[in-house]
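Notes follow once the structure below has been shown.
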Amino acid sequence: MENIKKAVNVLIVVFIIIAGSGCAELSSIFESDVSIKNEMLTHLDNKYNKEFVATVLERGYVDYLHCYPKGEDMFADRLQVERMVRGDEKTYRDTYFGNIIREDVEKEVYEMLEELKLPTKVYMTFDSIFFDNKFNNTKTYEDLKEWYGIDDVCSFAYKIAVYIGKRDDVESAGQQVLDTLEKKGFHGLMLVCTVTDIDVYNEISRTNLDDIMTDYKSAIYTYSKHFSSKGNWNNFILKKEEIVPFF
């Protein structure tokens, strides 16, 4: 019994020390999932002035909420918001700025491939790249590049679909796309899908590319390459306190 009392007293002392240090992380353990979801959704709503729908909450030392903008596609427009509790301070980052800039980023990649004169669709993938609060719906792709002193294409990840009329040409065409990107100074992760069926190509969109790659394996051939980041994009990648790429 005496040993039990001593153990209880030790636990009480430890608890008082932790609580007295202002460790808000401890109190966050006792927050409900609903409370955390609502807090993170409110942060997004205020930052982007639009409503978001939660799908999955991952709790831990850092909390992650998976969600999407209300009324938009649950898969193609998905995003994550991150919450970290340090002492009395809560910090947030999210991936939604990637949704805002993606058409401008995709346009740059598309322009790199124009000389090939092949029907091409470019889709940027980014839902694991976290931006801090200064990048919101008032900022642009040019603001991002200016902030990091960058004057070339964004070092993210992309999937592109290219229509190739003849099956015998798919390998050479896929390599030609990768060679052209390298020549133009592209850096990032690229997956090239060469499509031999025009109906399948016409059906491809941002929301269904992955499904079509699975359903029409006989008509789609894939080639991929990771182009190393260069120059100032290394600064972009290394500033992990502000942004964390996924590759």
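The values are calculated or read from the model by the stated rules, or taken from the named source; none is laboratory data. As the structure is a prediction and not an experimental result, all values here were calculated from the model. Backbone-built Cβ (ideal geometry, glycine too); neighbour counts: all protein chains shown.
Per-structure values
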| item | result |
| --- | --- |
| Residue under evaluation residue 217, criteria (1) out of contact with any Cys (no Cβ under 9 Å at 6 or more places or on another chain); (2) in contact (Cβ under 8 Å) with a residue 40 or more places away in the chain; (3) under 25 Å from residue 73 (Cβ atoms); (4) not hydroxyl-bearing (Ser, Thr, Tyr), criterion not met | (2) |
| Residues that are outside any strand (DSSP E or B), acidic (Asp, Glu) and within 11 Å of residue 80 (Cα to Cα), drawn from the range 92-132 | 127 |
| Selection status of residue 40, at pLDDT 90 or above and assigned to a helix (DSSP H, G or I) | yes |
| Qualifying positions in the range 76-102 - touching a helix residue (DSSP H, G or I) at 6+ places or on another chain (Cβ under 9 Å), loosely packed, with under 14 Cβ neighbours inside 10 Å and either in the same structural domain as residue 157 (by TED's automatic domain parsing) or not acidic (Asp, Glu) (or both) | 86, 87 |
| The range 171-189: number of residues that are touching a residue at least 24 places away in the same chain (Cβ under 8 Å), more than 21 Å from residue 220 (Cβ to Cβ) and either in a helix (DSSP H, G or I) or in contact with a helix residue (DSSP H, G or I) (Cβ under 7 Å, 6 or more places away or on another chain) (or both) | 4 |
| Considering residues of the range 122-131 that are under 21 Å from residue 45 (Cβ atoms) and modelled with pLDDT of 85 or more only, the residue surrounded by the most Cβ atoms within 10 Å (Cβ to Cβ) | 130 |
| Any hit, the range 211-223, residues being closer than 19 Å to residue 186 by Cβ, at pLDDT 50 or above and surrounded by 12 or more Cβ atoms within 10 Å (Cβ to Cβ) | yes |
